[in-house]
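Asks: Encoded as structure tokens, here's the structure I'll be asking about.
Only the coordinates and a few stated rules stand behind these numbers; no lab work does. Please read all numbers here as calculations on a predicted model, not as lab measurements. Note that each Cβ is placed from the backbone with ideal geometry, even for glycine, and that neighbours are counted across all protein chains shown.
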Amino acid sequence: MPCYRELEVFKSHAGNREPGSGIRKKKPFWYLRRKSVRAEVDEELSLHLDMRINELIAAGMTPDEARREALRQFGDLDATREYCRRQDEEREKEMQRALLLEDFMQDLRIGIRSLLRAPVLTLTIIVTVGLGLGATAAIFSAVSAALLRPLPYAEPESLVRIYTDAPPFKFRFSVADYLAFTEQQQRFERHATYTDRAVSFANGDTAELLVTRVVSWGFFSVLGIQPMIGRDFNEQDGKAGTPPVAIAGHSFWQQRLGARADAIGKPVRLDGAEYMLIGVMPPAAGPLERRFDLFLIQQFTPPPRKGPFFYSVIARLPRGADRDLATGELRALNRALFPIWKSSYQDDKATWSMEDLKTNLVGDVGTLAGLALGAVGLVWLIACANASNLLIARVTSRRQELAVRAALGATRGRVLRYLLAESAVLAAGAVALGVGVAWAGMQLLQAQGATYFPRTQEIRFDASMIWLMAGLAISSALIFGLVPGLHATSGPGDASLRSGRTVAGGAGARRLRRSLVAAQFAIATPLLIIAALLLTSLDRLRQVDLGFDTGRVLIGSIRLPGAQYSDNSRVTVFWDEMRRRIEALPGVASIAFADGLPPNNVGNFNNFDLEQYPTAAGESQPVTPWVAVSPEYVRTLGLTLVEGRLLDAQDPERDAAAEALLSVMVDRAWARRFFPGESAVGKRLRSGGCTTCPWTTVVGVVSEVKYAGIDQPDDGTVYTPLAGGTARFVVVRTEGEPLSIASSLQQAVRELEPAAPLSNVATMTSLVDQSLAQPQSLSLLVTSFAVVALLLSVIGIYGVMGYYVQQHLKEISIRMALGGSQSDVARLVLGHGMTVVGIGIAVGIAVALAATRLMASLLFNVGATDPMSYLSAGFLLFAVAVLACAVPAFRAMRLQPATVLRNE
Amino acid sequence: MATNPLTLLQGTLDLLVLRCLASGPQHGYAIATIVREQTSGDISVEDAALYQALHRLHRQDLVDAEWGPSENNRRARFYTLTPAGRKRLREETANWRRYVRAVDAVLQGA
């Protein structure tokens, strides 16, 4: 037997030195050694004295005299004895330590050698545990960055977001709101507002679109960050009439301004206007200032009406401030402000409110984070259970070998240590792989995770990661090392020796392995159910009818430089010319403009009041997507006119004299929602909370399109005529492959206006795919983990059943010899295995019923207890488990009873 | 620490012990005898200090200890120089010679 090759290990060094120390030592191992050191010193010294006495007697002294003289010559005997003993004991200890290390290295070497002899087992354990460990760590890094770590600003817990609370919506502030807040608030230490704007930046002949954040002067001081070079905005910069200034983001400064300090004080041309650069920010760390090329100063002028609501507000509370008082002040301010704007704003129920800035920025990712972390954590756990199971099997089949070792004098601790060394090697391999997987996962999350998760740029390999990985590694080693190790070394060793040919495992091992396999199935079942739910949800999302043919549609966006196109008539001329030129391009079937796009790009939401069904006092007005479109829009997307007429070029965006909206189109969902059972055409409404404006008439009803996201219900959309405006989406229906005309389209736009590039060019199909990216990758992630869990569970049950048949060869043979049929045998084996599986699946379903309720928000059109998902997941597990049990069952059926029994 | 009557001579004693072992394994009694005979009693080495030196050198791995039969057939502890001990003996001998020459030069000059 090859395993006896390693027997030399167990001639442990301790055993070598002290032949008498025995197989079962009652005393600690150093006890005898210490005694022997003392005895040795005594023996050596007394020999010396005896020889000296003999010499003195030979010289003529009496024995008594000789003894006295010898002792006198020797000097301080007791002190010397003590000194020598201590020296020897220290030496023993040092050697012992060196030997322990040597033993350990030897264990390790032998562990590696014997693992290399079982490469499939080793690889399975290292790969599965390593993957589980690494993936858990990677996901944890994202969760930690988003949820656990404070925002990278000064005293981040004092920062709040202020907004208009109109459940279920949270609206931003308007200029009027913010100015009123600034003048009257007393409970906030600092505050600022910002809004994002894309501006075109003239860079030589070409223009490009920059992402800028327009901020009130106190923005950076609220956050507690300062420019790296130059100065921060000051109060004077924010006053209307002061020359506008800008601060550059760090990467913009490096890439476009050549990282030159003398860029400060120079003008930057944006949208045709000049901004003086006054500072450069340090490399950005936080979610509020990352990604921006430039920060522009906001200068407020008194607003003519309350809306629009484009301004996000942040504020810093004084240290230890009472949040309830601050919220109370916000409410009171809003109540006082409300009557002033009554003519142009009406929503009694809306109020000002605030929340912790981090909570606001991070949003509702708790469910997603919990699900992802739970899934990977479970895979790690199932991998450990599987490893434990495989190692118990390995240990059980080597029990005889271990028993021989024990009989030859190895103590239980020694055998356990040897087995643990093997586990330590496996754990080290898994950790090495896990660190790699975690690192790769973190890179991936940093690069791609921003679509799914907030604050992914802040993912770091920090101390908490090291602690987590260390914790996981140690738990892994204990789970798959200690359990089989204790099992192997428990019970009397000589029973294993005596039992001869049949490898004795004992009922304990069988029970342990069965429980482990049942646990594996109990973990895999909820994972598979969740995967099934997510896949069903994704499938339903894919089947959602967007309301139009998404093929052969190309979109892009154009922004005109504001300074050159401040004149409305010039803007209108420009858009007309653009439409004509694009229409003339080969391959273009039709072109339209809009300020919002399906499937998830609503330009605006607006509230309105119906003439026929006015909103009662104290109630909120209805709010729906509000999309401005050019007359060709309906034809370009391929919508159908249900009733009435389409908006045409004769419908102006706003009546020039009255500044009012005269006619709108609505979609079928809107008509059904507000005028069920009657025609919406001809009905009138007032929008934006205005109570004195002329009425707006609904002139037509068209089919529905999704604007607020594929997973959102059709709540109705209002279409208004699009006439002016400096920013528009271009929607082109092509005759062939849409991307093939992308460059000629861009060329046409550039020829007409070099300062207004066509950007964000994409096909409608890709936009739809993008909007499905999050549910798609989540279901992919969970499904792949569920499949791993399924595979591991199958390995587990296969191993246990194969072993079961192996152990019951004799019993099965006797049954067959006594006339049992092959189907009896199959029933015995399958029944045994499927009991274990069945218990696991049942527990797993119970767990899933409790757990999936928590993820309802991630599901679309699928109940958290969707029976089909539960059934299909359960059936899949059951079917695969039957297959895994069938192989050993088949082997048992083909036994030749006579042969087996003769060999016994 | 035990009181050591020859603290000042410790280094010298170690050197003497190492030198006694240079020609082959010896037990403690034999070393004491050699030291006494070769110094003709000029230096009196206490047996206590000698044994302490032996065990100290053993701990430092400069000498090896092994039990073996003595002349009168009792178990005796025989000490041998280790390679490290041999090296130390060479170094210490050279040091001692330099020391003596230096002191001697001063004494003769005076």
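Asks: Return the loop-located GluC sites (Glu not before Pro) in the range A:609-642 (DSSP other than H, G, I, E, B) with at most 12 other Cβ atoms within 10 Å of their own Cβ; answer none if there are none.
Replies: Loop-located and lightly packed - A:E611, A:E619.
Asks: Extending each Cα 7 Å along its Cβ direction at A:D648 and B:T33, get the distance between those two points in nm, one decimal.
Replies: My value for the distance between the label points is 13.7 nm.
Asks: Let me ask something additional. Quickly work out the A:D567-to-A:Q236 label distance, labels modelled 7 Å from Cα along the C-beta direction, and quote it in nm with one decimal.
Replies: That separation, rounded to one decimal, is 3.6 nm.
Asks: Place a label point 7 angstrom from the Cα of A:A58 along the Cα-to-Cβ direction, then list the residues of the range B:61-77 whose backbone nitrogen is under 15 Å away.
Replies: B:70-74
Asks: Once the Cβ-Cβ distance between A:L148 and A:M868 is put in as r, and R0 is 45 Å, what FRET efficiency do you end up with, to the nearest 0.05?
Replies: 0.75
Asks: Need the full-extension length gain, A:L77 to A:Q299, defined as separation in residues times 0.36 nm minus the C-alpha distance. One decimal, nm.
Replies: Value of the extension gain: 70.2 nm.
Asks: Give me, ordered by chain and number, the residues 5 or more places off A:Q298 or on other chains with an amide H under 5 Å from its own placed amide H.
Replies: A:V215, A:S216, A:W217
Asks: Going by Cα centres, the range A:355-407 and the range A:737-800 are how many Å apart?
Replies: 31 Å
Asks: Return the percentage of antiparallel bridges among DSSP beta bridges fully within chain A, rounded to the nearest 5 %.
Replies: 80 percent
Asks: Given springs between every Cα pair under 10 Å in a Gaussian network model of chain B, which of B:D64, B:D14, B:D42 has the largest fluctuation?
Replies: So, out of B:D64, B:D14, B:D42, the one fluctuating most is B:D42.
Asks: Multiplying the sequence separation of A:Q184 and A:R542 by 0.36 nm and subtracting their Cα-Cα distance, what value in nm do you get?
Replies: 123.9 nm
Asks: Which angle from 0 to 90°, rounded to the nearest 10, does the C-alpha axis of helix A:742-752 make with the longest principal axis of chain A?
Replies: Helix A:742-752 sits at roughly 40 degrees to that axis.
Asks: Here's a follow-up. Compute the separation of the alpha-carbon centres of the range A:49-73 and the range A:100-160 and state it in Å as a whole number.
Replies: 72 Å
Asks: Tell me what the protein assembly as shown gives for mean residue ellipticity at 222 nm when only DSSP H runs of n ≥ 4 count, each as -39,500 (n - 2.57), the sum divided by the residue total, rounded to 500 deg cm²/dmol.
Replies: When only DSSP H runs of four or more count, the value is -17000 deg cm²/dmol.
Asks: A:R684 versus A:Q448, label points 7 Å from Cα toward the beta carbon: distance in nm?
Replies: For A:R684 paired with A:Q448, the spin-label model returns 5.6 nm.
Asks: What is the angle, in °, between the Cα long axis of helix A:77-116 and the longest principal axis of the Cα atoms in chain A? Nearest 10 is fine, range 0 to 90.
Replies: 60 degrees
Asks: Given a Förster radius of 35 Å and the C-beta distance between A:E611 and A:A273 as r, what FRET efficiency does 1/(1 + (r/R0)^6) yield to the nearest 0.05?
Replies: The calculated FRET efficiency here is 0.25.
Asks: To continue, here is another question. Hey, with R₀ at 60 Å, roughly what FRET efficiency would B:I43 and A:L100 work out to, going by the Cβ-Cβ distance, to 0.05?
Replies: Efficiency at R0 = 60 Å is approximately 0.90.
Asks: Tilt of helix A:29-58 relative to the longest C-alpha principal axis of chain A, in degrees (0 to 90, nearest 10)?
Replies: Relative to chain A, helix A:29-58 is tipped by roughly 40 degrees.
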